[in-house]
Amino acid sequence: MYTDRQLAYKSLQYRREILSVIKRAGAGHTGGSLSCTDILNVLYNRVLRVTPETFSSPTRDRYVQSKGHSVEALFVVLADQGFFPSKELETLCQYGSHFVGHPTRKVPGVEQNTGALGHGLPICTGMALGGKMDGADFRVFTLLGDGELAEGSNWEAALAAAHYGLDNLTAIVDCNALQITGPTREVMSTEPLIEKFAAFGWAVRTVDGHDLGELSAAFAKPLALGQPSLVIARTTKGKGVSFMENQVGWHHRVPNEEELAQALREIDDALELPSEAEG
Amino acid sequence: MSAPAPPIHSVAAQTVAAKLGLKLGRPNLEVFASTLLELASADESIVVVTSDSRGSGKLVPFAKALPKQIVEVGIAEQNLVGIAAGLASVGKKVFAVSPACFLTARSFEQIKNDVAYSANPVALVGISAGVSYGALGSTHHSLHDLAALRAVNNISLVVPADNFEASEAVRCAAKFSAPVYLRFGKAPLYDLPEHKFEFGCSRLVRPGNDAAFIATGETVIHALLAAQLLEETDGLKCRVVSVPTVKPLDIDAVRDAASVCGAVVTVEEHMVHGGLGEACASTIIQGNGYKGRFKIVGIPDEYTVPGSQADIFHHYGISMIGLAETVRGLLKR
Ligand SMILES: [Mg+2]
């Protein structure tokens, strides 16, 4: 089990790797991958009971990344978990590589093929329902974008998950307040999100999506018995790199050499603090 | 909720059916539901998912007998398919049951991604398919489903022609470890000759080399009656091939019919674009080339004529008389 500082150190390493992978591939969803990095860090290093060895076990916890475009964050974390050598990420988006720009099950550790939005929550509702039918104790997690919530299929699943009292299901919204066109509240407002999901019958908690402690506490166990959990993670798109933060243009922009160097410098500066405490 | 409909077969056609000794069976939907109940009673991993469709799916007895093996999602077809995919991914043998018109149009992306691309072995069951809901209008017709799903990788398409094929198709789907689409109608069906079902293979219902009918689903009986009529009136021996698996297609049987028979007529309860007919056409042309006579009978690309399934079949020549006339016309050319 990692200490808080070790975990914070990992987030910085992940951000470094995400940017490098995107730069090498010449493609990627930079802003969204950086906004969900801490969420994935906490899930895979503290919460999910899944390893490369247990990945085919029927009782493993499941994670489905519904906002599939932030795949670089997922691939980097899966590599760190040992699902495949991180060197393989050098083939991202290249001819013949399984590492395409959205999650596919050809990549070890990926549960479901996603990328079209509004699919993760229905699938996870089915997984959680199956778990309940079997009396299994695995938990199911899915990560949604805030812009993604405009897809109607989410709300069909929100009804069903509450109807069946699926407390083994946790949906997380990477609420970075931006989407490709601009601020989510201007494109298609989904607020008030807490009230909406609460009215649908979900247990809801809002956390700072970059506070590893708050995330850990929110994911540690279901928020309520007999209800599905919704964790609204308030995040910053492009988190960790000053000139990418809250900039809609960085939704899927690839950094040039100079930008990458500056971004890595910023991360390396931040790395020094937690790394001191490591030993 | 269906309007009263005239019989699907004319008096003349019923006479020919009687002469062939054919017995009228049940609607395939009922066979599907009773077969599934039988299988699920012995296998608790079998789960049915419905979208307020258990009544039209004839699944009320299933729900009564096996309440723990049926999941209701309400009127939400996208969610139906997503939930089915999730259930399948955790080890359930899932039959997702919804009217074919909604299942394959509204949830098309869920079928493409969550079932086929993610390789979750769901059996999608399109009920009241084709123009089974004839008089309810085009919103309730599924004349696009085979075309749409043929264009998706990693899903098989099964369209049973009689109770035997329906029962075999359900048994096969229950054992299948890959996605499959089953298509069932509401009309009682005659039991066809030659009980042989092998996944991916066609069924030779009647031999003959003067012309061939290659047909699927509820249209096969009309082809068989036409073949009998053509023998009586014109002395023609027509082959009748039932194609329960539209995908994968029995390529050998299709190419054999094209190379041996004087004309090939395909018949389907589907738009003439993208269904069985075009699958056969491309198979034949990409074989050794083909200079023979070929005709696709189905619903043309137009505003479908209003009426019951029987009316619509009759209107577009999916009938004993209509199909016999099509063969005569082709052979005259
Ligand atoms: Mg967003």
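The values are calculated or read from the model by the stated rules, or taken from the named source; none is laboratory data. As the structure is a computational prediction, the values presented were derived from the model and not from experiment. Counting neighbours? That spans all protein chains shown, and the Cβs are built from the backbone with ideal geometry, glycine included. What goes into the accessible areas is simple: the full protein's heavy atoms, side chains included, and nothing from ligands, DNA or RNA. Shrake-Rupley method; radii C 1.70, N 1.55, O 1.52, S 1.80 Å.
Residues of region A:108-149 buried by at least 30 Å² of accessible area upon assembly of all protein chains, compared with the chain on its own (1.4 Å probe): A:GLN112, A:ASN113, A:ALA116, A:HIS119, A:PRO122, A:ILE123, A:GLY126, A:MET127, A:LEU129, A:MET133, A:ASP134.
Cα centroids of region B:1-65 and region A:178-217: 47 Å apart. Simple spin-label estimate for A:HIS163 and B:LYS237 gives 5.7 nm between the two label positions (7 Å along the Cα-to-Cβ direction from each Cα). Pairs of alpha carbons in region A:4-271 separated by more than 36 Å make up 8% of all such pairs. Distances between placed amide hydrogens fall under 5 Å for A:VAL204 paired with A:LEU230, all partners being 5 or more residues away or on another chain. For region A:1-77, a simple Cβ point-charge model (Lys and Arg +1, Asp and Glu -1, everything else neutral) yields a dipole of about 80 debye relative to the Cα centre. Apolar share of the accessible surface for the protein assembly as shown: 53 percent from carbon plus sulfur atoms, 1.4 Å probe.
Using a simple spin-label model with pseudo-atoms 7 Å out from Cα toward Cβ, A:ALA136 and B:TYR303 lie 5.1 nm apart.
The calculated FRET efficiency for the pair B:ASP43 and B:LYS196, based on their C-beta separation and a Förster distance of 25 Å, comes to about 0.50.
Fully extending the segment from B:SER10 to B:LEU24, taken as 0.36 nm per residue of separation minus the present Cα-Cα distance, adds 3.6 nm. Fraction of C-alpha pairs exceeding 23 angstrom in region B:25-191: 29 percent, rounded to a whole number.
With each label modelled as a point 7 angstrom along the Cα→C-beta vector, the A:GLN247-B:LYS175 pair spans 6.1 nm. In order along region B:199-204, the phi-based Karplus estimate (6.51 cos²θ - 1.76 cosθ + 1.60, θ = phi - 60°) of 3J(HN,Hα) comes to 4, x, 10, 8, 10, 7 Hz; Gly and Pro are listed as x.
Loop-resident GluC sites (Glu not before Pro) (DSSP state other than H, G, I, E or B) in region A:41-115 with no more than 14 further Cβ atoms inside 10 Å of their Cβ: A:GLU53. For chain B, the solvent-accessible area of protein heavy atoms averages 37 Å² per residue (probe radius 1.4 Å; ligands and nucleic acids excluded). The shape of the protein assembly as shown comes out prolate: with a ≥ b ≥ c from the C-alpha gyration tensor, a/c is at least 1.5 and a/b beats b/c. Applying the Karplus relation 6.51 cos²θ - 1.76 cosθ + 1.60 with θ = phi - 60° to region B:171-181 yields 3J(HN,Hα) values of 4, 5, 4, 5, 9, 6, 10, 9, x, 8, 10 Hz, where x marks Gly and Pro. Which of the lysines could a cross-linker span from B:LYS92 if the Cα-Cα distance has to be under 29 Å and same-chain partners fewer than 8 positions apart are dropped? Once the sequence-local lysines are set aside, what remains near B:LYS92 is A:LYS67, A:LYS106, A:LYS132, A:LYS221, B:LYS58, B:LYS64, B:LYS68, B:LYS112, B:LYS175, B:LYS186, B:LYS196, B:LYS247.
Per the accessible-area calculation with a 1.4 Å probe, the total area buried between chain B and chain A rounds to 1900 Å². If the segment from A:GLU272 to A:ALA199 were pulled out straight at 0.36 nm per residue, it would be longer than the present Cα-Cα gap by 21.8 nm. Let me make sure I get this right: for region A:29-158, a, b and c are the square roots of the gyration tensor eigenvalues over alpha carbons, sorted descending. Under 1.5 in a/c it's rounded, otherwise prolate if a/b > b/c, else oblate. Which is it? Oblate. Each residue of region A:94-105 is assigned a 3J(HN,Hα), and the resulting list reads 9, 3, x, 8, 5, 7, 8, x, 8, x, 9, 6 Hz, derived from the Karplus form 6.51 cos²θ - 1.76 cosθ + 1.60 (θ = phi - 60°), x at Gly and Pro. Every Cα-Cα pair in chain B was counted, and those over 37 Å apart are 13% of them.
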